[in-house]
Amino acid sequence: MEEGSLVHQHNKKIIHKNPFNQLNRAQLLLQSMLQEIGVKLPVISALIFTHPEFTLLNPLALKKQGTVLLRSELNQLKQTVKAGCFKRNIHIMNELVKKSSPCKNKYIKVERLPFDTMKSGLRCPKCQKLTFEPPLARKRLWRCPHCEHELKQVDLIQCNLVELFICKGEPFSLSEAMKWCNCEKGNNNQHKMLYRILMTTFKHVGITKDRRYYLEMELW
């Protein structure tokens, strides 16, 4: 810290203007938007450094201006997040998105089918036909029974899970992924296989049973 600004010094000296000014502005803006949609929640802002090799010199000077968290302190964030509030958080997020993108909501309207009315099964990415055979956990290659197109089973499942996210239009649970891919209920091997694919391919929010999976992409 030098005169209220962050100084990064490696090969050459780089000065960043005080980030707390931007944080304070963002916090006030978010508080105002929450009031407009009728949500009463405290807004807490923090400056977070996630790089594993980052060293903060003179941290007391920075922490006097606001909350600062290093990579080793990120567990503190879990204590502020309540379990079981996923649906409420999704509702708040959707309302905030509407406030921040009025033109998109005005001109683009899509009616989505309820998830329970959609057919489950694995869709071939080539011929686009469904097959109702459940995936086999120890099978490496998959062959379409309709067009005989062959690909890795992992790639097939990934394609179908991306379709699930697009069709549903919001993050989905592991049990919904199991149903979408026509997995056998209670099959532990299929459960582990889908969980592994989701954790390596998708981002997630929530913990344990409230965990939901999503991709960072535009949904209309």
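Only the coordinates and a few stated rules stand behind these numbers; no lab work does. Here the structure is a predicted model, which is why all the values come from computation and not from measurement. Every residue, glycine among them, receives a Cβ derived from its backbone with ideal geometry; neighbour counts consider all protein chains shown.
Tabulated data
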{"read-out": "Calculated over segment 132-175: convex hull of Cα atoms, volume per residue (Å³)", "value": "94"}
{"read-out": "Tail fraction, Cα-Cα pairs, segment 113-214, threshold 21 Å, whole percent", "value": "29"}
{"read-out": "Val205, Val68 arranged by Cβ crowding within 10 Å, fewest neighbours leading", "value": "Val205, Val68"}
{"read-out": "Full-extension gain in nm, Ser32 to Gln76, via 0.36 nm per residue minus C-alpha separation", "value": "13.3 nm"}
{"read-out": "Of Lys119/Lys209; Lys152/Lys192; Lys185/Lys209; Lys129/Lys179; Lys119/Lys185, pairs whose Cα-Cα distance is over 19 Å", "value": "Lys119/Lys209"}
